[in-house]
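The values are calculated or read from the model by the stated rules, or taken from the named source; none is laboratory data. Just so it is clear, the structure is predicted and the values come from calculations on it, not from any experiment. Every residue, glycine as well, gets a Cβ built from its backbone with ideal geometry; the counts of neighbours run over all protein chains shown. The accessibility values were calculated without ligands, DNA or RNA, using every heavy atom of the protein model including side chains. Shrake-Rupley method; radii C 1.70, N 1.55, O 1.52, S 1.80 Å.
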Number of protein chains: 2
Amino acid sequence: MIQYTGKYLKDSRDDLFYKVSKKMSSSRFQHVLRVEEMALKLARIYHEDLEKTSIAALVHDYAKERPDHDFICQMTKKNYSPELLKYHNQIWHGTVGADFVSEELGINDEDILNAVRTHTTGAAQMSKLMQIIYVADFIEEGRKFPGVEEARRRSFESLEKGVAFKTKHTLEYLLSRQALIYPQTIETYNAWVAK
Amino acid sequence: MIQYTGKYLKDSRDDLFYKVSKKMSSSRFQHVLRVEEMALKLARIYHEDLEKTSIAALVHDYAKERPDHDFICQMTKKNYSPELLKYHNQIWHGTVGADFVSEELGINDEDILNAVRTHTTGAAQMSKLMQIIYVADFIEEGRKFPGVEEARRRSFESLEKGVAFKTKHTLEYLLSRQALIYPQTIETYNAWVAK
């Protein structure tokens, strides 16, 4: 178990665990714990700070179950691009959700907040922590989709391969569903997948 | 055969035919003539001006065989976004190629130039002529790819269905090749394909 030093937030891991658990269903919270486990595994392999990784993993879906209204208020208050209003919780819970992580949990480390912001869409530029959370969310041990074994294998070969695999897979999935594609997802694709 | 009235350019169709043929291989020129044939077929069904359609079809690939250098000079001279420099002839021959159509062939009708600009990427907003050229380029009788029959069938049901089919198919193709995706292609997809 990771001990928190107070460097990134005042709470202990138990406090954060408790606060996050209160914000979501128990099945989602189990997913969050599996993301933490996978993220720590990747952090050990790729030499990332374990405390920062644990915190980012625990809070990555903090806002996932909030009503749309909360996001719309926040986007309006903070003058987010009106373009973002066209999207939904799937995009907002990271992009805008990071605001709630900061305001309500008192986490102000930009690397952690960026990992929350980009854990669904990725970004053209991603720090090691951002890559770890992006990948861990995709390959945590509860994921069952076809291809997940290959995704895990590639992610253990290199983080870059994990990022590329998730990005391509996500786009294929969105296309097959004829779902909206957030432009930043294409920036991620062009930076990490395209030759 | 369409007779030109002088409304969109001074040249007769024969003059334009000759000038375009000089700018490309004979196999590409045959493609251009098949695009004109298909575009006129669509224009008759969907009630678009036949003269404008013929001109836009004949010039859509006018710049396709120009050296990269020509496009790079033009982008620099005209202060195109530096982002566009990351792409290649596949994107430039329409987006930037329309400038050569205007400057060298004396065609200044914005609808025709927009049809040239967007014939590869599409756009969120497309006029009827833009849709016709975008679709005709994809389903002209020389095209043999798997799915082309369905693409033709849908395009004859409605232009919108043709635009959506080409857009989705193009994205699937680019993804399968891990090729760069031009952001405007995603705008087209979000406007015409996504639910």
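Take the protein assembly as shown with all the other protein chains still there, run a 1.4 Å probe, and you get 46 Å² of accessible area per residue.
For residue B:23, a cut-off of 16 angstrom between C-alpha atoms picks up these lysines, skipping any fewer than 8 places away in its own chain: B:64.
Determine the residues within segment B:153-195 where the difference in accessible area between the chain on its own and the full set of protein chains amounts to at least 40 Å²; count protein heavy atoms only and use a 1.4 Å probe. Hits at the 40 Å² cut-off: B:168, B:175, B:178, B:180, B:181, B:186, B:189, B:190, B:195. Of all lysines in the structure, those lying under 19 Å Cα to Cα from residue A:52, and not within fewer than 8 positions of it along the same chain, are A:7, A:10, A:19, A:41, A:128. Among B:119-129, A:144-154, A:16-26, the peptide with the highest mean count of other Cβ atoms within 10 Å heads the list, and the full ranking is B:119-129, A:16-26, A:144-154.
Given a cut-off of under 8 Å on Cα pairs at least six residues apart, what relative contact order in percent is computed for segment A:99-195? This gives 29 percent for segment A:99-195. Principal axis extents of the Cα atoms in segment B:1-82, from largest to smallest and rounded to whole angstrom, are 40, 27, 24. The simple Förster model, with R0 at 45 Å and r as the Cβ-Cβ distance, assigns residue B:27 and residue B:195 a FRET efficiency of 0.70.
Of the DSSP H helices in chain B, those with a Cα length along their own long axis of 24 Å or more and a mean Kyte-Doolittle hydropathy reaching -1.0 comprise B:26-46, B:159-177. Globularity index of segment A:38-195 is 1.00 (Cα radius of gyration / 2.2 N^0.38 Å, N = number of residues). For segment B:1-145, the share of accessible area belonging to carbon and sulfur comes to 51 percent (1.4 Å probe, ligands and nucleic acids excluded).
Give me the accessible area buried between chains B and A, both sides summed, with a 1.4 Å probe, in Å² rounded to the nearest 100. Interface between B and A: roughly 1600 Å².
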